[in-house]
1. Listed highest first by mean packing, meaning other Cβ atoms within 10 Å per residue, what order do 391-401, 325-335 come in?
2. If you work out volume of the Cα convex hull per residue in Å³ from the coordinates, which of (i) 154; (ii) 177; (iii) 193 do you get?
3. Give the lysines whose C-alpha is closer than 18 Å to that of residue 176, dropping any in the same chain fewer than 8 places away, or say none.
4. For a quick protection proxy, order the peptides 105-117, 450-462 by their average other-Cβ count within 10 Å, most packed first.
5. Once you place label points 7 Å from the Cα toward the Cβ at residue 392 and residue 292, how far apart are they in nm?
6. In whole Å, what is the distance between the alpha-carbon centres of the stretch 561-633 and the stretch 455-493?
7. For residue 638 and residue 207 in the same chain, what is the full-extension length gain: residue separation times 0.36 nm, less their Cα-Cα distance, in nm?
8. Is any residue of the stretch 284-313 close enough, with backbone N under 16 Å, to a label point placed 7 angstrom from the Cα of residue 275 along the Cα-Cβ axis, and if so, which?
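Derivation of every value follows stated rules applied to the coordinates shown; laboratory data play no part. Note that the coordinates shown come from a computational prediction; the quantities given were computed from them, not determined experimentally. Positions of Cβ are generated from backbone atoms using ideal geometry, with glycine treated the same way; all protein chains shown enter the neighbour counts.
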Amino acid sequence: MWLLLLLTAPFLTIAADLSVEDCFDEAATKYITCKPVHGRPAVCDCIFKDPCYIKMIISKGKISGSNESHYFINQTCQGPTITVQQYGIVVIDFSNEMDEDTSFHFHGMHQRNVPWIDGVGNVTQYPIPGKGRFRSIFRANPQGTHWYHAHMRYQRSKGLFGVLIVHEAQSDICEKLGPFEDQPQRKTLLIVDQDANKKQPGKTVQSFCLPDGSNLPVEFTRFSLLIYGKEPATSLLECTGNETHTQFYVVSGKNYRFRIIDGALGTVFVISIDYHKLYIMATDGYLVKPFETDFLIVHVGETYDFILKAKKDILPGSKYPIRIQSLAVNCKNSSELAGQGFVFLVYTNQSSQMTSPTSENLIVQNDRCSNKSNPCTIMNCPFKIMPRSYSKPGTYMKCYDILSLELLFPTPSVDIPRSADVASEFFFNLEGAKPRASIINGIKFKPPAVPILESKDAANECKYPVNCSDPGRKHCPHTVHLTKFNTATRFVLSVLNQGLVGGQNITHPIHMHGHTYFIAKIQYPEYHQNGTIKERNNDLKASACAPAKWKNGTPGGISVTSTTVRKDTVMVPAGGYVVLHFFQDNPGYWFMHCHVDWHLNDGMAIALVVNPERASTPPNLLNRDTKDFCFSVKTFLSKETQYPKDKRKVY
């Protein structure tokens with residue numbers, strides 16, 4: 001299907017194509033109007049527009065009542081929600097009105113064979129300069145819940161982000177999952193944390209950690225969230241009447257698709273709805289068989305979709321808390337959460353309603369997870385055991401990781417990167433001998449003066465495997481070269497700090513651009529009876545300044561089947577490791593990094609050099625001082641199809 005669409009796409013879109021001279025011209029370019037939605041970001045609906053042209057103006061300023069600078073897209077605190085049909089073409093014309101540079105990445109989009117438009121400043125392109133203009137084009141694939149965001153410094157967490165929804169091409173989803181209403185403009189939560197007040201050296205603050213005793217990705221002094229630019233309620237006492245806090249409306253007896261995106265600086269969230277189960281149906285865009293759970297953990301960069309089954313015979317005005325908790329707890333008392341916020345599920349007579357019923361009745365579940373013989377389920381745990389005292393004494397929870405999920409549509413046999421077919425194996429240990437060092441195999445990633453995509457010298461300067469004399473001291477454009485086109489490849493990601501256990505290990509969410517991968521294995525450390533880390537995993541021999549290796553040969557249990565889940569962002573457990581399998585089938589230069597902004601900007605990243613001689617090249621070079629970068633849809637389509645065909649389906 002994908003190859004057919006690629007071959008026919010030029011005939012579908014060239015007729016509507018514009019010349020390069022028309023770029024950024026309001027009169028010549030038919031930009032769609034992004035329509036406002038009450039209490040939500042505006043929606044740019046590209047479902048029936050192909051290609052779909054959107055204009056985004058990037059600016060910086062102060063929010064009313066605040067002295068802190070904030071970034072804006074089209075004068076709003078969160079960018080518009082983009083909705084598009086799978087395989088559709090979306091054209092974004094950025095106008096950077098700031099005095100600083102920026103770049104934009106469409107998180108989850110594979111940008112097949114066009115790595116030069118992936119949007120990583122100083123890696124795949126020069127950033128968009130202040131007062132500059134830049135055209136980005138992408139084909140909407142894969143399907144599902146995604147997002148877009150700035151990829152420079154800390155701009156993402158301060159306003160330069162938005163939701164991207166790619167509607168599925170499959171027509172039998174409801175047949176497999178049952179009927180449900182999909183209202184992405186109203187039932188998508190992109191959760192961010194406000195400035196977390198990163199802990200300053202020597203400052204005494206409450207000591208928080210994850211329930212397994214591992215350190216937080218970012219130590220903070222306060223827990224503060226934003227959803228749609230507003231703070232959620234911080235206490236249920238605030239919500240005894242009709243309030244201004246974010247609410248999601250449902251009708252009794254109907255099913256609804258909810259979408260969750262963790263866009264935070266470094267906060268790991270736990271999502272639940274009082275008196276309701278969540279039925280997980282997708283992660284990172286890939287549909288899975290429904291998995292019933294009470295709680296869902298989401299790390300930075302991850303996306304999850306779930307079905308909410310509205311209860312029958314519930315009176316309009318019934319209002320249930322949607323809890324957004326930090327996974328972090330007081331290190332000395334795991335019943336004390338670092339913080340939580342509340343938005344609300346409200347029953348109405350019609351789900352399109354966007355205002356509260358005349359009267360509301362708040363219904364709170366205080367005794368959840370108190371039954372030892374029937375513990376609550378919690379999906380996507382970054383550890384094996386949830387302490388019994390999590391959130392309150394006498395809590396019983398059972399952890400499940402993403403290996404418990406199964407694809408709804410099985411992967412065809414020819415597209416499965418099985419262990420027996422693995423032609424290349426690479427090891428990446430996150431952090432090192434020094435606490436809180438943002439490094440991979442002892443190396444801090446430092447962007448080169450010229451983007452890697454445009455410089456062979458930069459791509460070859462710091463090639464894996466790199467040895468260093470002192471972990472964290474070597475700063476260079478760290479790259480790993482994948483040279484076996486279209487073969488199965490294994491990455492082993494680990495968090496095994498040398499000489500350090502427990503608190504000095506950190507769970508990291510690792511995102512790969514240009515690809516999705518199959519989760520072939522997850523392995524954890526050894527735990528104490530109370531669920532805290534006792535000793536890091538022993539399968540790997542990790543070096544402080546070089547790639548790890550298997551201690552006693554490749555262990556068992558590494559497997560990919562037709563239903564193995566696929567993702568583009570995965571949590572690597574503190575003290576453990578994750579094994580990923582994927583095909584080297586998307587040529588070019590792609591970034592792989594921790595999605596915690598502090599870690600990314602401090603150097604926890606590596607560039608994948610994937611058979612670049614097979615990739616297309618930019619239509620023209622974007623130099624450091626280039627003010628306008630533009631190309632046509634016709635050019636994009638011709639570049640996109642310049643890759644060798646193979647017998648496997650391209651995702």
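1. Highest to lowest by the protection proxy: 325-335, 391-401.
2. (i)
3. Partners within reach: 254, 289, 309.
4. The packing order, highest mean first, is 105-117, 450-462.
5. About 2.3 nm separates the two model spin labels.
6. So the two Cα centres are separated by 13 Å.
7. So the extension gain works out to 149.7 nm.
8. Residues 309-313 qualify, since their backbone N sits under 16 Å from the label point.
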